[in-house]
Amino acid sequence: MGWEETQVRGYPEFVRTAQSYHGRPIFALFCGDKDAEGKSWCPDCVTAEPVVRKELHNLPDESVFIYCLVGDRAYWKDPNNEFRRNLKLTGVPTLLKYGTPQKLVEEECFKAELVRMLFTED
Amino acid sequence: GKNEYDLLVIGGGSGGLACAKEAAQFGRKVAVLDYVEPSPRGTTWGLGGTCVNVGCIPKKLMHQAALLGSALKDAQHYGWNISQPVHHTWSVMAQSVQNYVKSLNWGHRVQLQDKKVKYFNIRGSFSDPHTVRGLTKAGKETIVTADNIVIATGGRPKYPTHIAGALEYGITSDDLFWLKESPGKTLPSFILHVSLECAGFLTGIGLDTTVMMRSIPLRGFDQASHISKKNQICFTTQQQMASLVTEHMESYGTKFLKRCFPTKVEKLKSNRLQVTWKNADLNTEETDCFDTVMWAVGRAPDTKTLSLETVGVKTNSETGKIIVDASEATSVPHIYAIGDITEGRPELTPTAIAAGKLLAQRLFRHSSELMDYDSVPTTVFTPLEYGCVGLSEEAAVQRHGSDNIEVYHAYYKPLEFTVAERDAIQCYVKMVCLREREQRILGLHFIGPNAGEVIQGFALGIKCGATYPQLMKTVGIHPTCAEEVTKLHITKRSGLDATVTGC
């Protein structure tokens, strides 16, 4: 079985979804909400998403890719939002391997080799 | 044909990574090999070397865990309502520390990738002076060729294999920091600063800990005859700093078996370990049971699998370490070595990093600056820390003669200990100066809280050739422990009581 993608919005939905896939490698990309035209308020997320998507075929078998919209700009700017507090996210976009300290933050997500490294290395 | 890389670094630790990243900055084609042979217990770890994985970092964090335990006890005196006794859970600490270390492994991995340094997780060995071959974990062979090769494979803890059961049942620092469960009642043995540091934090988090020592603690650190607080002059050469540090540990619950050496380790049906040892003073044989036996008997250079003989890199016949000159060059052109693997160098992260960077600058930037190994400050992170820079008292006496040096010293009490009703009889500072002319400061030794933080600044002073008169003109910061350095005025020679009274 290859990899699969699921899309969520907000912290509670993210946690529920991650827990439901317990036991499989989970990768997550956190981005700012998108408007009606599908454009995110977060310009770095707009740059990073296609780079990340292009590397998804490198995901190990059985893994899950969770695409998570964190919320609007105001929610994100709040230093106490649940993503910052509980997942220790410091910026968007963040691409991480759930349950490990392995992550790429902001401009690191623009680099295809780093994304590939996150997906393929132990 | 042409070599594939400008620089190949074997070993992804403090020295190796610093050298590789520096060279890559100059636009060079660089590769790093890193491989961790699992310990006899099966412990293994990621990129970053000894410091990050099984040395400085986890050690300092666990030392901090123990200090926090002491602080919780002191807190009551300062008004905090904390129910005693306070308990410690090993697995919580271990997981936090291990997670942090793993984030460092990842950070190094990202940095290498970002700086376009090629990384191979393989164990390399020399085929010829410009060729290294290695096998991946999957068994695939890789050949790497380079114009310049730097060996930075460091060392691993030794096992006292002549002691029955030592290898089968004992662990080393390689394993201690990665234990998922508490080590329980532990016997670190013998004496090296490693076993004192480990025994210190194990005791501090509440574990029954006994240190077995064959002879003198902290070999290589300051050992000189001293005048104890009770004005008894000790004629035999004693470990002054070492004994102060161990006295402190003893008063806080670490047990010491002095002048003892183990003869065998056996496993009992209960899975506990029975250690048998000889007590050299009483000429008796004794036994006791422990949950964990940890060996700290020295480190051996990691050269076995490098095939150094194939290319003729010379090593010291006694220590096995690679012989290098002042430019870190080995006996083979274009092959260099830095860090713990090299003969005669301090086994420290900052010197390895600096040496690695300077080497890269000499190789690729036409620099001629050599690494200065003089007056390197260090600190032993025992519960009461010992920091030092420059010469020990013995080294100064040996170099200049006892008539030409002046030793100033003082016993002091940290302000924070007073309200907490803590004993401070081992808090001590000693400075060794030349007696003549400008009275240059040769060495500074400090036992007390945050010794590393205290000594760091004074290391700059010593590098600049600071003198005793200059120090006396330096105003202290009050109230601190560091200010005691600026107030030193009692000499050992005078025989006067060196206890500082309050302000």
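For the range B:132-144, 3J(HN,Hα) computed residue by residue from phi via the Karplus equation (6.51, -1.76, 1.60; θ = phi - 60°) reads 10, 10, x, 10, 6, 4, 7, x, 7, 8, 10, 10, 10 Hz, glycine and proline entered as x. Residues of the range B:106-120 that bury at least 40 Å² of accessible area once all protein chains are present, compared with their chain alone (1.4 Å probe, heavy atoms only, ligands and nucleic acids left out), are B:106, B:109, B:110, B:113, B:114.
Per 5 Å bin, what percent of the C-alpha pairs of the range A:4-120 does each bin hold, from zero upward? Bin by bin from 0 Å, the calculated values are 2, 12, 25, 26, 21, 12, 3, 0. In the range A:87-101, the residues that give up 50 Å² or more of accessible area when the other protein chains are added, compared with the chain on its own (1.4 Å probe), are A:101. Computed per residue of chain A from DSSP H runs no shorter than four, each worth -39500 (n - 2.57), the mean residue ellipticity at 222 nm is -9500 deg cm²/dmol.
Ignoring any ligand, DNA or RNA, what whole percent of the accessible area of the range A:4-120 comes from carbon and sulfur when the probe is 1.4 angstrom? Answer for the range A:4-120: carbon and sulfur cover 49 percent of the accessible area.
Shape annotation for the range B:377-494: C-alpha extents along the principal axes are 43, 28, 27 Å, from largest to smallest.
Remark: the range B:284-300, residue by residue, has Karplus-estimated 3J(HN,Hα) of 10, 10, 10, 9, 7, 10, 9, 7, 9, 10, 10, 8, 9, 10, x, 10, 10 Hz, where x stands for each Gly or Pro and the curve is 6.51 cos²θ - 1.76 cosθ + 1.60 at θ = phi - 60°. One Cα centroid belongs to the range B:246-314, the other to the range B:103-177; the line between them spans 25 Å. Relative to the current alpha-carbon distance between residue B:463 and residue B:180, full extension at 0.36 nm per residue lengthens the span by 97.6 nm. By the helix-only formula, in which each DSSP H run with n ≥ 4 contributes -39500 (n - 2.57) and the sum is divided by residues, chain B has a 222 nm mean residue ellipticity of -9000 deg cm²/dmol. Here the simple spin-label model places points 7 Å from the Cα toward Cβ, and for residue A:51 and residue A:121 these points are separated by 1.6 nm. Each Lys or Arg adds one and each Asp or Glu takes one away; over the other residues whose Cβ falls under 13 Å from the Cβ of residue B:326, this sums to -4. The charge dipole of the range B:86-162, taken about the Cα centre with unit charges on the Cβ atoms of Lys, Arg (+1) and Asp, Glu (-1), comes to about 160 debye, rounded to the nearest 20. In chain B, carbon and sulfur make up what percent of the accessible area (probe 1.4 Å)? That fraction is 52 percent.
Computed on the Cα atoms alone, the convex hull of the range B:15-165 gives a volume of 179 cubic angstrom per residue. Relative contact order for chain B: 15 percent, from Cα pairs under 8 Å spaced at least 6 residues apart, divided by residue count.
For the protein assembly as shown, the Kirkwood radius over C-alpha pairs fed into Stokes-Einstein at 10 °C and 1.306 mPa s yields D = 58 µm² per second. A cut-off of 5 Å between modelled amide H atoms, ignoring neighbours fewer than 5 places along the same chain, links residue B:257 with B:211, B:212, B:213. How would you classify the range B:259-413 from its alpha-carbon gyration tensor, with a ≥ b ≥ c the square roots of the eigenvalues: rounded for a/c under 1.5, else prolate if a/b is greater than b/c, otherwise oblate? Taking the square roots of the gyration eigenvalues as a ≥ b ≥ c, the range B:259-413 is oblate.
To the nearest ten degrees, helix B:14-25 and the longest principal axis of the Cα atoms of chain B are 50 degrees apart. Legend: translational diffusion of chain B by Stokes-Einstein, Rh = Kirkwood radius over C-alpha pairs, 4 °C, 1.567 mPa s; D = 53 µm²/s.
When the Cα positions of B:148, B:138, B:127 are compared along the charge dipole of the range B:122-168, B:138 comes out farthest toward the positive end, with charges on each C-beta of Lys, Arg, Asp and Glu.
Relative to the Cα centre, the charge distribution of the protein assembly as shown, modelled as +1 at Lys and Arg Cβ and -1 at Asp and Glu Cβ, gives a dipole magnitude of about 260 debye.
Placing +1 on the Cβ of every Lys and Arg and -1 on the Cβ of every Asp and Glu, with nothing else charged, gives the range B:235-309 a dipole about its Cα centre of roughly 180 debye. For the chain pair B and A, buried accessible area totals roughly 900 Å², probe 1.4 Å, rounded to the nearest 100. Please give the helix A:43-55 orientation as an angle from the longest Cα principal axis of chain A, in degrees from 0 to 90, rounded to the nearest 10. Rounded to the nearest ten degrees, it is 10. To the nearest ten degrees, helix B:240-251 and the longest principal axis of the Cα atoms of chain B are 70 degrees apart.
Each Cα pair under 8 Å and six or more residues apart adds its sequence gap; the mean of these over the residue count of chain A is a relative contact order of 35 percent. Over the range A:36-104, Cα pairs under 8 Å with separation of 6+ residues give a relative contact order of 29 percent. Surface exposure of chain A, expressed per residue as accessible area with a 1.4 Å probe, stands at 51 Å².
The residues of chain B expose on average 46 square angstrom of accessible surface per residue, using a 1.4 Å probe on protein heavy atoms. List residues of the range A:4-47, by number, whose backbone nitrogen lies under 14 Å from a label position 7 Å along Cα→C-beta of residue A:86. Under 14 Å, as judged by backbone N against the label point of residue A:86, lie A:9-20 of the range A:4-47. Amide H contacts under 5 Å for residue B:375: B:390, restricted to partners 5 or more places along the chain or on a different chain, H placed in the peptide plane at 1.01 Å from N.
Placing a label point 7 Å from the Cα of residue B:136 along the Cα-to-Cβ direction, the residues of the range A:95-122 whose backbone N falls under 14 Å from that point are A:117, A:120-122.
The values are calculated or read from the model by the stated rules, or taken from the named source; none is laboratory data. Just so it is clear, the model here is predicted, and its values are computed rather than measured. A quick note on method: Cβ atoms are made from the backbone with ideal geometry, for glycine too, and the neighbour counts reach across all protein chains shown. Ligands, DNA and RNA are stripped out before the accessible areas are found, and what is left, the full protein with its side chains, is counted by its heavy atoms. Shrake-Rupley method; radii C 1.70, N 1.55, O 1.52, S 1.80 Å.
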